[in-house]
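Structure record follows, encoded as structure tokens.
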């Protein structure tokens, strides 16, 4: 099968991205040919810049293009609360609620013995360093509600208890707009356990 | 919502591609951060090269990185048959069969009054020029089996008949490995019409 070299290189490139198989990669590559040259250059530049200019915030380990991320650098944020999340995307999701005004700490993963990820592979030592500062009064564990996330939350809770800091875990329950009928048993049990008086 | 500038630029870039919405663009962008720098550079370079180095073959209008595409430049191909397709991807699909040894002509679209695409927007004038050469004996119309493709085939058939060249249309019928039960009525009717004696 003959595909011109520049196209097959591009197909290979797209196929390195997650969820993009040979068919999609081919479709995207041929679409690129029909795009404005300017837009293609923008995308190519954005790829290079995203890889080269981003680093971890020296305080919370979130990704940033400065030394400190915008949340850590914001004097209006409540510095007594730290919300621990697994991923930079979780910070974006949390910020979207516009309800949380504390700081974050990004672990960049969760403890997973299956994948060989222990506490040392995560940014947990940096978190402990931050807790030495006495302004921190509450640590919200907002790791994912799955096995790895729960294990990480449990591990952190035990590790941090001696510091005398309040450690909380985000609530489990039914998603808003969801349907009770289709909720799985574990979620439903958690929702019952977590019921509150109105 | 705060996303570092290099990331949001990359998300915007990915969103320009077809079938990639905000969620997928965000997922891809964050994945790029975890990729090897070398792989990201490869992809960026491939994007630029695909856009800059590719042109249309001066003979068949297929995309190529040379003046003439590999099929047109291949002396072993049967120059008496031209297969007319809508898209460079169709050439790839056809070559994959390894059964066709003639030449191609890529229209780069189909006649579609709804989208304002008439015969002049396609590479039909170049096709007519090729037919002046008397080596061409058969023109296979392999445009897509949908309304635009059929209309284009019909148009070409009428246009080319005066040249005294045999004009054929690829067969309609049941796809191999398909299920008669699930075939739509039109396909089934076409399959019946196109039946052949064994």
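Bear in mind these aren't lab numbers, they're just calculated from the coordinates by the rules spelled out. Keep in mind it's a predicted model, so treat the numbers as computed, not measured. Note that each Cβ is placed from the backbone with ideal geometry, even for glycine, and that neighbours are counted across all protein chains shown.
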FRET efficiency, 1/(1 + (r/R0)^6) with R0 45 Å, evaluated for residue A:58 and residue A:37 via beta carbons
0.70
Part-to-part distance (alpha-carbon centres) for region A:137-168 and region B:147-194, which is given in Å
64
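For region B:141-189, build the convex hull from the C-alpha positions and give me its volume per residue in Å³.
On the way: hull volume 4.0 nm³, N = 49.
Expressed per residue, the convex hull around the Cα atoms of region B:141-189 is 82 Å³.
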By how many degrees, 0 to 90 and rounded to 10, does the Cα axis of helix B:22-34 deviate from the longest principal axis of chain B?
60
Restricting things to Cα coordinates, could you compute the convex hull volume per residue of region B:5-52 in Å³?
77
Report for region A:78-169 the percent antiparallel among DSSP-assigned beta bridges with both residues inside it, nearest 5.
5
Counting only helical runs of four or more DSSP H residues, what would the 222 nm mean residue ellipticity of chain B come to if each run contributes -39,500 (n - 2.57) and the total is spread over all its residues?
-13000 deg cm²/dmol
Peptide B:11-19, shielding by other chains (average Cβ, 10 Å cutoff)
6
For the rotation taking A to B, I'd like to know which residue in chain A has the C-beta closest to the axis, plus that distance in Å.
A:44, 2
Quotient of C-alpha Rg and 2.2 N^0.38 Å, computed over region A:78-169:
1.02
What share of the DSSP beta bridges in chain A is antiparallel, in percent to the nearest 5?
20
Given a cut-off of under 8 Å on Cα pairs at least six residues apart, what relative contact order in percent is computed for chain B?
13
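Just need the Rg to Rh number for chain A, please, alpha carbons only, Kirkwood Rh. Provide the component values of the computation, followed by the final result.
Values: Rg = 21.5 Å, Rh = 20.1 Å.
Rg/Rh for chain A comes to 1.07.
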Shortest first and in nm with one decimal, please list how far the residue A:5 label point sits from its counterparts in the other copies (point 7 Å along Cα→Cβ).
3.7
What does the structure give for B:70-77 when I average, per residue, the other chain Cβ atoms found within 10 Å of the residue Cβ?
1
For residue A:16, place a label point 7 Å from Cα along the Cα-to-Cβ direction in every copy; what are the distances to the other copies, in nm, shortest first?
2.0
Averaged over A:54-66, number of beta-carbon atoms from partner chains that fall within 10 Å:
2
Sort out for me the Cα centre separation of region B:84-136 from region B:1-66, rounded to whole Å.
28
Inverse mean reciprocal Cα-Cα distance (Kirkwood Rh) of the protein assembly as shown, Å
25.9
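Counting residues in region A:1-109 as N, plug N into 2.2 N^0.38 Å and put the Cα Rg over that result.
On the way: Rg = 19.1 Å, N = 109, 2.2 N^0.38 = 13.1 Å.
Dividing the Cα Rg of region A:1-109 by 2.2 N^0.38 Å gives 1.46.
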